[in-house]
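The values are calculated or read from the model by the stated rules, or taken from the named source; none is laboratory data. This is a predicted model, so every value here is computed, not measured. Virtual Cβ from ideal backbone geometry, glycine too; neighbours counted across all protein chains shown. The protein model used for the area step is the full one, side chains on, heavy atoms only, and it has no ligands, DNA or RNA in it. Shrake-Rupley method; radii C 1.70, N 1.55, O 1.52, S 1.80 Å.
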Amino acid sequence: MMLVGISGNRLKAEDKDLLAQKHVGGVILFDWNMKNPKQVTKLNKQVQERGALTINQQSIPLFIAVDEEGGYVARMCDKWPDGKIPSQETIGLTGNPQLAKEWSKKVGRSLKTMGFNLNFAPVADLGMPSERSYSKDSSKVTNFVDAAMDGYAEEKIISCLKHFPGIGKAVVDSHIDGSAINANLETLEKDDLIPFTKMIATKDHIGFMVMISHLSYPALDTENPSSLSKNIITDLLKGKLKYQGLVITDDLEMGAVAKHYSFEEMGVRAIKAGVDIALVCHEYKHILAVREGLLKAVRAGEISEAGIDESVKKILKTKLTILQAIN
């Protein structure tokens, strides 16, 4: 129930500990992990060999993820097999959703060749800065996100809708600090939530994750940011929208939450709110702190084993589906 970053472009002692001893469920790679496709392929192979579990003679793979949105948010840009990947905004401005599918298929094929099985894309937010959104218009975003997800699905890559319930109206970058989006549910349902709602209603939930933002929505929860909010995750996403797939936090090291909560506390609050996977991208000590907080909460009965079982069953089902698709 944790997906974590590793320290470099080869496995160090702390990475091996996370994979073989701490049994994290997956890793995410960044530019500091990636020199060229050959090196990445070798690293991902080593990650799987170290971290995969065997249950009832069945090998259970790790999630190996990357943020390959295109444009500003892309890894290994100068050596990516497909060349420079256009931003979502650039693709959206063409007015042709088929291009979103074509690019997601290209990216998906390259990811699969290098040993990835999860891409934290597409962005389903409206009007994000740095060219990260297909459009400011909810219907256009929906059409392009729909096409992109189809492309990833055809290449057997898990996609990820982000950042629920929509951060296009944000005025502060959640990497830096938290902020509130002052929109009520009715406004969100007519705008920011539409791409998420349509994909949840029409796609196979086993094929994608939903990433929860760290921003606050006072009309939905007066106390908690969305990634720690039962109202938003359990009641809205899982309840009202009937999403049954995997829910993952955005990076818990972002200032929006890390400046306001301890790492021991954050993972516990996220899981209790309904999250299935806690994402911790950078510091080994932060990964250990989140893990220790979760273990203490389970031993104290603060997090139920039934809840853990429910999440782990979904994780295993998704991972086995990956295996079947690849094989």
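The residue list Pro122, Leu193, Leu320 was ranked by how far each Cα lies along the charge dipole of the chain toward its positive end, using unit charges on Cβ atoms, and Leu320 comes out on top. As a length-normalised measure over Cα pairs under 8 Å and 6 or more apart, the relative contact order of the stretch 193-255 settles at 40 percent. Ordering 80-87, 272-279 by mean Cβ neighbour count within 10 Å, with the highest value first, yields 272-279, 80-87. Each peptide in 63-73, 292-302 gets a packing score, the mean of other Cβ atoms within 10 Å over its residues, and the list from highest to lowest is 63-73, 292-302. Using C-alpha pairs under 8 Å with a sequence gap of at least 6, the mean separation divided by the residue count of the chain gives a relative contact order of 16 percent. Solvent-accessible area per residue in the stretch 36-111 equals 50 Å², computed with a 1.4 angstrom probe and all protein chains kept. Shown in residue order for the stretch 25-38 are the 3J(HN,Hα) couplings computed by the Karplus curve 6.51 cos²θ - 1.76 cosθ + 1.60 at θ = phi - 60°: x, x, 10, 10, 9, 10, 4, 5, 9, 10, 9, 6, x, 4 Hz (x for Gly and Pro). The relative contact order of the stretch 223-299 comes to 35 percent, based on Cα pairs under 8 Å that sit 6 or more residues apart.
Here is the P(r) of the stretch 169-261: all C-alpha pair distances, binned every 5 Å from 0, give 3, 13, 23, 26, 19, 12, 3, 0 in whole percents. About its Cα centre, the dipole of the chain is roughly 1060 debye, where the only charges are +1 on Lys and Arg Cβ and -1 on Asp and Glu Cβ.
Rg and Dmax, both from the Cα atoms of the chain and both in Å, are 18.4, 54. Checking the Cα-Cα distances for Lys203/Lys314; Lys12/Lys259; Lys136/Lys162; Lys79/Lys106; Lys112/Lys198 against a 19 Å cut-off, the pairs over it are Lys12/Lys259; Lys112/Lys198. Spin-label pair Lys112-His205: with each label point 7 Å from Cα along the Cα-Cβ axis, the two points sit 2.5 nm from one another. Calculated accessible area for the stretch 149-248 comes out at 39 Å² per residue, all protein chains present (probe 1.4 Å; ligands, DNA, RNA ignored). As a rough guide to protection, the peptides 201-211, 50-60 ranked by mean Cβ packing within 10 Å, highest first, stand as 201-211, 50-60.
Please give the FRET efficiency for Thr234 paired with Ser262, using the beta carbon to beta carbon distance and R0 = 30 Å, rounded to the nearest 0.05. Rounded to the nearest 0.05, the efficiency is 0.85. Once the Cβ-Cβ distance of Ser7 and Leu316 is raised to the sixth power relative to R0 = 22 Å, the FRET efficiency obtained is 0.20. Of the accessible area of the stretch 210-290, with the probe set at 1.4 angstrom, what percent is carbon plus sulfur? About 49 percent, which is the carbon plus sulfur part of the accessible surface. In the stretch 53-131, one over the average inverse separation of all distinct C-alpha pairs is 13.9 Å, which is the Kirkwood hydrodynamic radius.
Note on the stretch 21-132: with neighbouring protein chains present and a 1.4 Å probe, carbon and sulfur make up 50 percent of its accessible heavy-atom surface.
Extending 7 Å from Cα along the Cβ direction at Glu302 and again at Leu185 yields two label points whose distance is 2.8 nm. With the gyration tensor restricted to C-alpha atoms of the stretch 101-245, the semi-axes of the equivalent ellipsoid amount to 25, 16, 14 Å, longest first. Taking amide hydrogens as placed 1.01 Å from N in the peptide plane, the amide H of Lys35 sits under 5 Å from those of Val40, each at least 5 positions away in sequence or on another chain.
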